[in-house]
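Shown next, in structure tokens, is the structure this report addresses.
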Amino acid sequence: MLKKVLVANRGEIAVRVIRACREIGVESVAVFSEADRLAPHVWLADEAYPIGPARAAESYLSIVRLLNAAQRSGADAIHPGYGFLAENADFAAAVEGAGLTFVGPSAETIALMGDKTEARRAMEAAGVSVVPGTKETLADLDAVRDACHQVGYPVLLKAAAGGGGKGMRKVEVETDLESAFGAAQREAQAAFSDSRIYVEKFLENPRHIEFQILADTQGNVIHLNERECSIQRRHQKLIEESPSPVMTPELREQMGRQAVAAARGAKYRGAGTVEFMVAGGKFYFLEMNTRLQVEHPVTEMITGVDLVHQQLRIAAGEPIDIESVEPQGHAIECRINAEDPFNDFLPAGGRVDQLRLPGGTGVRWDGGIVQGTEIGLHYDPLVAKLIVHAQDRQAAIARMARALDELLVDGVATIAPFHRRVMDEPDFRAGNFHTGYLDLHPDLLSWEGEEEKLRAVALVAALLENGERRRVRMDDGLESVGERSGWRWPPAGWRGRGWGLRG
Ligand code: MV4
């Protein structure tokens, strides 16, 4: 086994990895920027090293500083978490070059999957169904016009270096092609310093369904079923679940087989994700993520497999130790972002004045904050994840609603109230949604109707502080705090004169 792992990350994912290390007797090393001196990952690890200023470019993204900390600590491996350098092939190569183990796939696999046209060629060769379109990047407008004509409108121009929706342009008619091509190139150049573009057939309202895979160095490759990730906003996932409400045994069998073929075709090692779009009864490879993902806990909850344990085993050259994957029940994850859901998801900073966490049967909290944490604007707004597991989807939704009701984050706005609304929304409850879900349900993001509720919450909060009573009858007839969760007080953007209550 590995002896000591440096976790090249922060926040909830650093905490997640450090916990796994502790459980299997591997020492852990945290790194931290000046903004994170008091962060939970720092005191949960066995050792911690400062790596620079708050600015990520000078700390969590600095390969030199991370390798320096690894060398000083005597770590024999580096776990990158997600984000930052997790899918940076140069980082993986530098780690291995320094004689350390990178907990993840090879630099070659990361580079292959980072180039979308190379990935499409490799996946097609492996027998994976890719979206109809070009497998080469297109040099000029004439080449693009020919390709779009071949593929058939509507098409989607995509950046070869892309992912996450940047450099993407839908084109419905040829007359719009020239300006769209220019715009896509400029956006790709700005985002990735690489303006290369290719073309795909545009799929109408796809669902986003991805498969978790594990591959060890003995040649074992398995999948651990799917995650449904269609509830997202501007390419940021908000809610994930497993199984997908639209999955059938036949579809799972086909998609799972292709996910395993994709991993083999990429000479994959470790934990990875094969993303598909599902539309019109068909599924298509979208991309492969060569890292542990934010939403990995829903897979862990239904399979009972600890994916970080498996990552560490595989990195140490040991085989996957899973007898068989027999998923049980249903799991849902809500991302707890420090953002104001009723003000265009504006990032919200501030101090976590109060933090009361949900508990009870089937509830998991993966967090990187504690009471007193100062949430700044230097890093990703995801501060925690609330995950529930129950025997079926309806029970999981009820459990999530209950857990959100128990959650209190005071001092910083979070999107917990948005999640609470979704749990009551009929289309979500029916499993009737795709990646355009939020466009179809603008009410979920509206402040409308919240002011009156806030008044009730304020009264209840005051009463709670004064005796922790759960149900309170008030003069206006409202009688439960259960309806609303995660409210900060005063609410973000609130301009009222207050009601004689302090937050
Ligand atoms: C598509 C598509 C429709 N047709 N490709 C968005 C993120 C990027 N990685 C790929 N994306 C899409 N690619 C074709 N040919 C629709 C999307 C898309 C999407 C995909 C997955 C999850 C959420 C999405 C939200 C909007 C658009």
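Read the figures in this text as sums done on the coordinates, not as results from a lab. Since the model is a prediction, treat every value here as computed from it, not as a measurement. Cβ: placed from backbone, ideal geometry, glycine included. Neighbour counts: every protein chain shown.
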- request: Using Cα pairs closer than 8 Å and at least 6 residues apart in sequence, work out the relative contact order for the chain, in percent.
  value: 13 percent
field: Simple spin-label estimate for Trp43 and Gln394 in nanometres, 7 Å along Cα-Cβ
entry: 4.4 nm
- prompt: Which percent of the Cα-Cα distances in the stretch 280-409 go past 25 Å?
  reply: 41 percent
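For Tyr49, Tyr60, what ranking results if the residue with the fewest other Cβ atoms within 10 Å of its Cβ goes first?
Ascending number of Cβ neighbours within 10 Å: Tyr49, Tyr60.
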For the stretch 207-445, average projected area of the Cα convex hull in nm²: 13.0 nm²
statement: A correct fewest-to-most ranking of Leu224, Leu445 by other Cβ atoms within 10 Å would be Leu445, Leu224
field: Global form of the stretch 336-376, assessed from the alpha-carbon gyration tensor, a/c cut-off 1.5
entry: oblate
task: Just list whichever of Lys166/Lys267; Lys3/Lys385; Lys237/Lys282; Lys237/Lys267; Lys201/Lys282 have alpha carbons separated by over 25 Å in the model shown.
output: Lys166/Lys267; Lys3/Lys385; Lys237/Lys267
Overall Cα dimensions of the chain, principal axis frame, Å, largest first: 69, 58, 44
Spin-label pair Leu346/Arg429, simplified geometry with 7 Å Cα→Cβ offset, distance in nm: 3.3 nm
statement: Most exposed first, judged by fewest Cβ atoms within 10 angstrom, Ser62, Ser106 run Ser106, Ser62
message: Can you give the local net charge around Gly83? Use residues other than it whose beta-carbon is closer than 12 angstrom to its beta-carbon, Lys and Arg +1, Asp and Glu -1.
response: -1
- line: Neighbours of Leu156 by Cβ distance under 12 Å: Lys/Arg at +1, Asp/Glu at -1, summed charge +2
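Looking at the square roots a ≥ b ≥ c of the eigenvalues of the Cα gyration tensor of the stretch 132-201, which shape do they give, rounded for a/c under 1.5, prolate if a/b is larger than b/c, or oblate?
The shape class here is prolate.
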- line: So, over other residues within a Cβ distance under 15 Å of Glu172, counting Lys, Arg +1 and Asp, Glu -1, the net charge is -1
statement: One finds the C-alpha centres of the stretch 81-109 and the stretch 181-258 to be spaced, in Å, by 22 Å
